[in-house]
Amino acid sequence: MPSTPPPAPQTRPTTARRELTDSPYLAAARGGTPARLPVWFMRQAGRSLPEYRALREGTSMLDACFDPEMLAEITMQPVRRHDVDAAILFSDIVVPLKAAGVDIEIVPGTGPVVASPIRTAADVAALPELSPDQVGAVADGVRLLVERLGRTPLIGFAGAPFTLASYLIEGGPSRNHEHTKSLMHSEPEVWHALAGKLAKIARTFLIAQLDAGVDAVQLFDSWAGALSPRDYREFVLPHSTSVLGAVGEYGVPRTHFGVGTGELLTAMRDAGADVVGVDWRLPLDEAVRRLSTPDGPVPVVQGNLDPALLFASWPVIEAEVRRIADEGRTAGGHIVNLGHGVLPGTDPEVLTRVVRLVHELRP
């Protein structure tokens, strides 16, 4: 695939970015020294909260994502309850696909399901593009949050091209990604055309959030761990680089996260990440060792408590949190998080207790 420079950010009127100089999350993400060890949780706004379930009753997931007031309220709920150091926009990685006109739904108990999988050059050519106006409701929700969050930073996010492509090609969640890998290797031109279009969709979605005022962004490549390092660098890295590169001029921290990506961390760093998310399979100090370069700054990491351990006894959870905080001290900055999202049955009181513990630990 020819190498092309990432496109410059689109020039549209922007919301003035807040100066959150006292934010522990932003300080750590930039490799500084925060006033306290920061913590937030992936999927912190969701089914673990009774107030979320009450608000969402009768409203589909995607409908909630396109309702500015509802998405703002859901995003605020864990900030109020847990005192986390960052809010993450309530959305889903398939929101920009839905907004662009792709026939995709989130089926309870299954996940995103695509009516017509994309597997040919003609399918790729027919994939619609995304315009900023199509995600105007999301941008409106961001603007509401910027007004209401006070000193708490807001993280925007998008799905990375590979993970979006895997849903479109497979037709839904997949254990083995057989259709995706087959297309990559059998028809690389078709693959790169699809990934390039999805990178453009992700760029447009992130830029819409940045123009509305988010303070940081995270690129989720949830299923990239299914790939070998060689395949990742050949088929995925150029497209993720184009997404993260396009938002670089905004000057906000960029986090890159995937599940099962211990062997891909350096490539994910090379895509342009300021912060690399680490799941629970790899100790943070080992992740820092892998991410370090002779002449570069000490890497900043995010993670990495196993979400399933939140169902254990408190002594077990406390010991794990303390271990992770100790391992994170080898990094140039550490943001405590889970190694993936909060599981639906998690007791929210446990999450609140974890936040209190983290805030007692030295950064």
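Tabulated data for the structure shown
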read-out: Semi-axes of the equivalent ellipsoid for the chain, Cα gyration tensor, largest first, Å; value: 29, 24, 21
read-out: For region 327-334, Karplus couplings with θ = phi - 60° (6.51, -1.76, 1.60), whole Hz, Gly/Pro x; value: 5, x, 6, 7, 8, x, x, 9
read-out: Förster-model FRET efficiency, 45 Å R0, ARG151 and ARG175, C-beta, rounded to 0.05; value: 0.60
read-out: For a label point 7 Å along the Cα-to-beta-carbon line of THR21, residues of region 249-271 with backbone N under 19 Å; value: 251-253
read-out: The chain: most fluctuating residue of THR59, THR33, THR163 per GNM, C-alpha cutoff 10 Å; value: THR59
read-out: Per residue convex hull volume, Cα atoms of region 80-143, in Å³; value: 130 Å³
read-out: ASP306 long-range amide H proximity, modeled H, under 5 Å; value: GLY339
read-out: Overall form of region 107-206 per C-alpha gyration tensor (a/c, 1.5; a/b vs b/c); value: prolate
read-out: Among ASN304, ASN176, ASN337: highest mean-square fluctuation, GNM of the chain, C-alpha pairs under 10 Å; value: ASN176
read-out: Selected from GLU286, GLU73, GLU57 as most flexible by GNM, with the chain as the system and alpha-carbon contacts under 10 Å; value: GLU57
read-out: Sequence-distant residues sharing a close amide H with GLN218 (under 5 Å, placed H); value: GLY156, PHE157, ALA158, THR255
read-out: Residue-wise HN-Hα coupling along region 169-180, computed from phi with Karplus coefficients 6.51, -1.76, 1.60 (Hz; x: Gly, Pro); value: 6, 6, x, x, x, 9, 7, 10, 6, 5, 5, 5
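A short reminder: the numbers here are calculations on the coordinates, not readings from a lab. Predicted model, so just to flag it, every value in this text is computed and none were measured. Reconstructed Cβ throughout: ideal geometry from the backbone, glycine too, with neighbour counts over all protein chains shown.
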